[in-house]
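Participant: Have a look at the structure that comes next, please.
The values are calculated or read from the model by the stated rules, or taken from the named source; none is laboratory data. Since the structure is predicted, the reported quantities are computational estimates derived from the model, not experimental observations. Cβ atoms come from the backbone with ideal geometry, glycine included; neighbour counts cover every protein chain shown. These area figures cover heavy atoms from the full protein model, side chains too; ligands, DNA and RNA do not enter into them. Shrake-Rupley method; radii C 1.70, N 1.55, O 1.52, S 1.80 Å.
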Amino acid sequence: MEQRHLGRTGLRVSRLGLGTLTWGRDTDEHDAAEQLKTFWDAGGTLVDTADVYGGGEAEYLLGRLLDGLVPRRDLVISTKAGSVPDPDRRTDGSRGHLLAALDASLARLGTDHVDLWQLHAYDPCTPLEESLHALDIAVRSGRARYVGVADFCGWQLAKAGTWQLSGDRTRLAGTQMEYSLLQRGVEREVLPAALDLGIGLLPSSPLGRGVLTGKYRHGTPADSRGGSEALAPFVEPYLDEAASRIVDAVATAADGLAATPLQVALAWVRDRPGVAAPIIGARNAQQLTAALSVESLSLPDEIFRALDDVSAPVHHYPDHDWSTL
């Protein structure tokens, strides 16, 4: 699998990443092991997790599979901290919480460092410079090699990235955000900020929460996320008429290319400017193999432009250059 630099850093990652959101919850150790081995055999290196995935079980499960199944040195392990299971305070970006969470992640993963450590969300109750200081401490102490953020809006990312470029601080390597043909909101401010600051984008939900595979075109499969009581609200926003038009366009393009809608949708987001590696969350190794098959596909320019047009988000002032309004 092709490798890319993450932002303006020396860190190289596979241009598809393996997500572990469901590990330890819906994905058991056997299926997780099959996914990790399949991913590694295909040349994948970037494995993304977080301290809250499965209440910590995702990290613990990944740690159990390291070395025994896949050499630790062959993987770029990314984890996140800052989200907390508290209905009154969903994020805790305090330095004390973040560093304690990192230590707990390392213990679960069974490693002395992670390759990429990210703030999971912006905490409006903690000064941003305090949260960012935790990133610097993590790198200086050797507990993290590179750092980044996730789910920061445009001004938050610009502020954080600029702060880290001033003084003796560690630059942000990446930002993880939802990005797909069905969700192009990052193109308004987040992606321009990331490109300007040299921060690589790691798209989550690159298949529009599964909708872009076309599985919902004629109903909701019982074994899909949309058919799950817990995850149906996660999928429902992308089942409207506007999304349906985009899914139909992806299916048409796939027919013309003798490819699958999954491959077309994934190739589109993978090759967008600023993107380092979309993160794939598969239910099993068979689904993951289908996603990894996109490595051999590059969309023709005319298909790329057609998908751009049909999915183009509506931009208003001040997102566009004022002279064009």
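Participant: Test of understanding: among 253, 265, 276, which residue is in contact with a strand residue (DSSP E or B) (Cβ under 8 Å, 6 or more places away or on another chain), surrounded by 21 or more Cβ atoms within 10 Å (Cβ to Cβ) and more than 18 Å from residue 287 (Cα to Cα)?
Facilitator: Values: 253 fails: in contact with a strand residue (DSSP E or B) (Cβ under 8 Å, 6 or more places away or on another chain); 265 fails: more than 18 Å from residue 287 (Cα to Cα).
Of 253, 265, 276, the one residue that is in contact with a strand residue (DSSP E or B) (Cβ under 8 Å, 6 or more places away or on another chain), surrounded by 21 or more Cβ atoms within 10 Å (Cβ to Cβ) and more than 18 Å from residue 287 (Cα to Cα) is 276.
Participant: Considering only the stretch 223-325, give the helices (runs of 4 or more DSSP H) lying wholly within it that have at least 2 residues that are under 27 Å from residue 58 (Cβ atoms), in contact (Cβ under 8 Å) with a residue 24 or more places away in the chain and not polar (S, T, N, Q). Explain how you work it out, then say what you get.
Facilitator: Details: elements: 232-235, 241-257, 261-270, 285-292, 301-311.
In the stretch 223-325, the matching helices (runs of 4 or more DSSP H) lie at 232-235, 261-270, 285-292.
Participant: When you scan the stretch 1-18, how many residues do you find that are open to solvent by less than 10 Å² (accessible area, probe 1.4 Å), of a type outside the set (Ser, Thr, Tyr) and out of contact with any His (no Cβ under 9 Å at 6 or more places or on another chain)?
Facilitator: The first filter runs over the stretch 1-18 and keeps only residues open to solvent by less than 10 Å² (accessible area, probe 1.4 Å), leaving 6, 13-14, 16-18.
Those left that are additionally of a type outside the set (Ser, Thr, Tyr): 6, 13, 16-18.
From what is left, the residues that are out of contact with any His (no Cβ under 9 Å at 6 or more places or on another chain) are 6, 16-18.
Number of matching residues: 4.
Participant: A follow-up question, please. Out of all the residues in the stretch 162-174, which are within 19 Å of the chain's Cα centre (by Cα) and either under 14 Å from residue 130 (Cα atoms) or among the hydrophobic types (A, V, I, L, M, F, W, C) (or both)?
Facilitator: Hits for the stretch 162-174 are 172, 173.
Participant: Next up: So residue 207 fits all but one of (1) assigned to a helix (DSSP H, G or I); (2) under 21 Å from residue 26 (Cα atoms); what number is the exception?
Facilitator: Residue 207 satisfies all of (1) assigned to a helix (DSSP H, G or I); (2) under 21 Å from residue 26 (Cα atoms) except (1).
Participant: Within the stretch 100-156, restricting attention to residues that are assigned to a helix (DSSP H, G or I) and of a type in the set (Val, Ile, Thr), which residue is nearest to residue 75 (Cα to Cα)?
Facilitator: Restricting attention to the stretch 100-156, the residues satisfying the condition of being assigned to a helix (DSSP H, G or I) are 100-109, 128-140, 154-156.
Now drop any that are not of a type in the set (Val, Ile, Thr), which leaves 137, 139.
Values: 137: 23, 139: 18 Å.
It comes out as 139.
Results for (1) within 17 Å of residue 19 (Cβ to Cβ); (2) at pLDDT below 95, shown as yes or no for each residue.
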{"residue": "246", "(1), (2)": "no, no"}
{"residue": "276", "(1), (2)": "yes, no"}
{"residue": "282", "(1), (2)": "yes, yes"}
{"residue": "289", "(1), (2)": "yes, no"}
{"residue": "292", "(1), (2)": "yes, no"}
{"residue": "300", "(1), (2)": "no, no"}
{"residue": "307", "(1), (2)": "no, no"}
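Participant: Sticking with this one: Can you pull out the residues in the stretch 19-43 that are open to solvent by less than 10 Å² (accessible area, probe 1.4 Å), β-branched (Val, Ile, Thr) and either more than 14 Å from residue 61 (Cα to Cα) or assigned to a loop (DSSP other than H, G, I, E, B) (or both)?
Facilitator: Within the stretch 19-43, just 20 meets the criteria.
Participant: How many residues does the stretch 161-185 hold that are within 24 Å of residue 81 (Cα to Cα), crowded, with 24+ Cβ neighbours inside 10 Å and of a type outside the set (S, T, N, Q)?
Facilitator: Looking only at that region, the number is 4.
Participant: Could you run through the stretch 164-182 and say how many residues are touching a helix residue (DSSP H, G or I) at 6+ places or on another chain (Cβ under 6 Å) and of a type in the set (A, V, I, L, M, F, W, C)?
Facilitator: 4
Participant: Take the stretch 184-206 and flag every residue that is more than 15 Å from residue 270 (Cβ to Cβ) and either in contact with a Leu (Cβ under 7 Å, 6 or more places away or on another chain) or in contact (Cβ under 8 Å) with a residue 40 or more places away in the chain (or both).
Facilitator: So the first thing to find is which residues in the stretch 184-206 are more than 15 Å from residue 270 (Cβ to Cβ), and the list is 185, 187-190, 192-199.
Correct list: 185, 187, 188, 189, 190, 193, 194, 195, 197, 198, 199.
Participant: For the stretch 45-61, indicate whether the set of residues that are without any contact (Cβ under 8 Å) to a residue 24 or more places away in the chain, part of a loop (DSSP other than H, G, I, E, B) and open to solvent by 10 Å² or more (accessible area, probe 1.4 Å) is non-empty. Full working, then the answer.
Facilitator: As a first pass, look at the stretch 45-61 and keep what is without any contact (Cβ under 8 Å) to a residue 24 or more places away in the chain: none.
No: zero hits.
Participant: Next question, about the same structure. In the stretch 186-205, what residues are surrounded by fewer than 24 Cβ atoms within 10 Å (Cβ to Cβ), farther than 21 Å from residue 316 by Cβ and touching an Asp or Glu at 6+ places or on another chain (Cβ under 6 Å)?
Facilitator: Once the filter is applied, which keeps residues that are surrounded by fewer than 24 Cβ atoms within 10 Å (Cβ to Cβ), farther than 21 Å from residue 316 by Cβ and touching an Asp or Glu at 6+ places or on another chain (Cβ under 6 Å), the stretch 186-205 yields only 204.
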